[in-house]
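Report on the following structure.
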Amino acid sequence: MPKDPSWNIDVKSLSDRRLIEIALELDGSEHKELVESLRRELVERLEAKGVTKQEMVKRIAFGVPWGRRFNEIAKAWAEILELSLEEFKRIADAR
């Protein structure tokens, strides 16, 4: 039985913009590991630039209405940011 085609992307070589573009294009696809890898690389780059986790949460959650979609985003990003789901939501909700 032939093996399904797989993606092999060197995330370290991508520009910040391209990381975001590919992650958005693949969001919700069967390429969950690749999307997580892209997100982790983006977080590492932002941290290296001095962006705090709180700032990242605010940027990620900006404009996303509370509800099912927000919960999906919170679950996906909380782990990558090494935050609990509750902590992610608390930061996103802080004014």
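Tabulated results
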read-out: Selection within the range 27-39 - free of Cβ contacts under 8 Å to residues at least 12 places away in the same chain and either touching a helix residue (DSSP H, G or I) at 6+ places or on another chain (Cβ under 8 Å) or not in a helix (DSSP H, G or I) (or both); value: Asp27, Gly28, Ser29, Glu30
read-out: Residue match in the range 25-34 (condition: modelled with pLDDT under 90 and surrounded by 18 or more Cβ atoms within 10 Å (Cβ to Cβ)); value: yes
read-out: Complete set of residues in the range 40-95 that are under 15 Å from the mean Cα position of the chain (by Cα), in a loop (DSSP other than H, G, I, E, B) and among the charged types (D, E, K, R); value: Glu82
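The values are calculated or read from the model by the stated rules, or taken from the named source; none is laboratory data. Bear in mind that the values here come from a model prediction, so they are computed numbers and not experimental data. With ideal geometry, Cβ positions are generated from the backbone for all residues, glycine too; neighbour counts draw on all protein chains shown.
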